[in-house]
C-alpha cells in the first residue's frame, strides 16, 4: 500500500527528532491506551501480573516497542530488510495477529497528537501514518 | 443493544459539552481529507481541494465539518437507541451519497486524534475508550442500512 516518498521520510525523521526523547513515555502511554481501549489485545499479555496503564510491565514493554520504531526510522530507506529479525520474532514466536499493528499504530498517533499538538499537523499525521503502515507491513512480512 | 456505564455516559457528555464544534468539526474533516486523500472523492463539488492549504482554508469543508460533528448530537441525545436514531442518515449515506462505510471509521479516528490534541493530559485512556466506543457505535449504525 505505501511507498514512502522523500517528503514522507523527511517529515518522519524531523518529527522523530523532536519526539524521540519522549519515546519511552510515548510507548508506555500508547500501550496502556491500547490495552484499555481495545481489551482484546490483553490476550497477548496474560503472563503479565499487571496490565494497567503505567504499570511496570506496560512501561517496560512500551519502551521495547518504541525501540523497534526507532530502528525503523533508522532503516527508513528499507524498512522490510531493517525489520527482518523483528518480523521473524513476531511471525514464529509471538504470532501477533497483524490487525493489532494497526490498533497500536492508532494509539501511538493519539499519544503523539496529545503530547505534540502543534507538531502533529495533518501533513505530519499523513506521513507518520504511512510510515507506521510500512512498519506494520514489514513486521508481518515473514508471517507466511 | 449497547450497554453504557454511568462513567461512560458522563465521559461522553462531558467531552461534547466542552467541545468547540466550530473548531473541532473542521479540523477533523480537514485532517481526514489530508491523511486519507481518497476521501476527497465525496467532495467534488466543494471547491478547491488541490493541496493541504487549500483544504485547510476551504470554507465549504469547514462548514461541512461543523455539520458532521453536530450530527453526533443525535447519538448523544439517544444513547440507548443509536441504531434507530441513525437509520435515516444511514440510508442517506448509502443511497444518495454513496459513501463507502469504511470512511466513517477513518473520520472517527481523525476526530479522536483532534480531540486528543485538544484535551492534552485530560484525555486519559478511560476517556479515549469511552469516546472510541461511542464513535464505534455511531459508525456501526451509519453502516447498518447499506445493502
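Readers should treat all values here as calculations from the given coordinates under stated rules, not as data from a laboratory. Owing to the predicted nature of the structure, the values given are computational and were not obtained by experimental measurement. Don't worry about glycine lacking a Cβ; one is built from the backbone with ideal geometry, like all the others, and counts go over all protein chains shown.
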Response to the item:
Partner shielding of B:23-35, taken as the mean number of other chain Cβ atoms within 10 Å, equals 2
Practice prompt. Post the alpha-carbon centroid distance, segment B:74-89 to segment B:2-41, in whole angstrom.
Written response: 16
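Using Cα pairs under 8 angstrom and six or more residues apart, how large is the relative contact order of chain B, in percent? Walk me through the numbers before you get to the answer.
Numbers: 142 pairs, mean separation 48.6, N = 147.
Relative contact order for chain B comes out at 33 percent.
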Response to the item:
Quick shape check on segment B:1-138: root eigenvalues a ≥ b ≥ c of the Cα gyration tensor, a/c under 1.5 is rounded, otherwise prolate if a/b tops b/c, else oblate, and it reads oblate
Discussion item. Which of B:66, B:24, B:15 ends up with the largest GNM mean-square fluctuation for chain B, with Cα atoms connected below 10 Å?
Written reply: B:15
Item to complete: Would you work out if segment A:73-120 is rounded, prolate or oblate? Take a ≥ b ≥ c from the square roots of the eigenvalues of the alpha-carbon gyration tensor; rounded if a/c is under 1.5, else prolate when a/b is larger than b/c, oblate otherwise.
Response: oblate
Worksheet item: Highest mean first, what order results for A:13-20, B:121-128 on Cβ atoms within 10 Å?
Response: B:121-128, A:13-20
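Starting from the Cα gyration tensor of chain A, take the square roots of the eigenvalues, sort them a ≥ b ≥ c, and report rounded, prolate or oblate (rounded when a/c is under 1.5, otherwise prolate if a/b is larger than b/c, else oblate).
Details: a/c = 1.85, a/b = 1.18, b/c = 1.56.
Oblate.
Quick one: compute the contact order of chain A, relative version, from alpha carbon pairs under 8 angstrom and 6+ residues apart, as a percent. List each step's numbers first, then the result.
Details: 158 pairs, mean separation 50.3, N = 144.
Reported as a whole number, the value is 35 percent.
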Discussion item. Taking each residue in A:30-38, count the Cβ atoms of any other chain within 10 Å of its Cβ, then average. What number comes out?
Written reply: 4
Fill in: Span from the segment A:12-77 Cα centroid across to the segment A:91-113 one, whole angstrom
9
